Amino acid sequence: MLIVVAALGDALTPIGYTWVPLIAAACVLAGVMMSFRGAAWTGAFALAVTVLLDWRVGILDSGTGWVEEVTVFLAVLIGLDVHWMLERRDRRLAAAWSVAGALQRAVLPAPPTRIGPLRVAARYEAADAEARIGGDAYAIQDTPFGIRVLIGDIRGKGIGAVSITTTLIGAFREAAHHTSSLDELAERLEQSLGRDQAPHAHTSHDEEFTTALIAEIDHAGRTLRLLNRGHPAPYLIRSGRVTELQPADPGLPLGMGDLVSQPATTDTISLAAGDVLLFVTDGVTEARDADGAFYDPTQLTFPDGRPAAPTEVLDTLAEAVYRWAGGRRDDDMATLAISVTTTTSDMPSRTDAPGFAG
């Protein structure tokens, strides 16, 4: 289009004025916006138009004509070179994206969709969409003591956070099989993180810590135990109603446990068939709207009070957070939904709202 406009402009303006610079610009733009073949054909068309315009005004064999034709030819070469560089960059970005995806799957593999009486879904959205992975972590493991769940938020970003994430998940998968209590499991995680960070302690002036929520669901799907180490509380979705499961006595984050003498309290909640547990990181609870108000997951609604599938819960939550924050994402967001499909007894729990039994 620019070449046609330049040709018409050149034909309608007096001799001595030229529109060839616009033709040259069109050749460079073609290299940016079109395929290699399209840019090459555009360049050939531009050269033909330039020769035709110079012939029309009788300067085809003059010095001025040669300058214009060489200018357009060089613009064609520049456009093709720019296209080649952009293609090479795109290939490198695609390779980096593939590596990031492989790293995400290695560090945060998708959990099994079903474990015993539980159905599971997980979602991870990094604050930097190109990074694919950041400082949030989750894992679920079937153990002799029950089905154990971990969700955590590592302080920091980048490769350092990924390294801590790997340590945390690896330690959880190992210790979850050999520790009978959640207190002991949390202590093992803290020790593993401490060993991992000790070699770097002299190079970092920032205190490293990880918020974590450790859960245990018995194999019958009737009882949930929670140990909170400074992490956002989980939510229970029952009959379409979302309730926050605030801990009775939350502990300090992993890495700060030596500041207190008593372990955090483990809370116990009764479960029923159809219940859905929602675990989140602060990328959800600290999402802000235009007025600076934090998002509250208890605002979630589900039609007809029917049991929601885990994937439906996560989809609904992600959409709600996106709308609340106006499409902005300032922090990583990890979410995990677990539904209880059957229990050994389908009798409802003693109260409509979940209660704690220390």
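Remark on Asp136: its backbone amide H falls under 5 Å from those of Ile154, a criterion applied only to residues 5 or more positions apart or on other chains, H modelled at 1.01 Å from N. Per-residue 3J(HN,Hα) values for the range 264-280, derived from phi via the Karplus relation 6.51 cos²θ - 1.76 cosθ + 1.60 with θ = phi - 60°, read 5, 7, 8, 9, 10, 10, 7, 10, 9, 4, x, 5, 10, 9, 10, 10, 9 Hz in sequence order (x marks Gly and Pro). Apply the a/c threshold of 1.5 to the C-alpha gyration tensor of the range 111-340 and tell me whether it is rounded, prolate or oblate. Taking the square roots of the gyration eigenvalues as a ≥ b ≥ c, the range 111-340 is oblate. With a Förster radius of 25 Å applied to the beta-carbon distance between Ser163 and Asp296, the computed FRET efficiency rounds to 0.15. In this structure the amide hydrogen of Ala273, modeled in the peptide plane, comes within under 5 Å of the amide hydrogens of Thr343, none closer than 5 places in sequence on its chain.
Between Leu52 and Arg329, 0.36 nm times their residue separation minus their Cα-Cα distance comes to what? Walk me through the numbers before you get to the answer.
Numbers: separation 277, 0.36 × 277 = 99.72 nm, distance 5.42 nm.
Full-extension gain reported as 94.3 nm.
Placing R0 at 41 angstrom, the Cβ-Cβ distance between Met33 and Leu252 gives a FRET efficiency of 0.15 after rounding to 0.05.
Bear in mind these aren't lab numbers, they're just calculated from the coordinates by the rules spelled out. Keep in mind it's a predicted model, so treat the numbers as computed, not measured. FYI the Cβ positions are ideal-geometry reconstructions off the backbone, even for glycines, and counts take in every protein chain you see.
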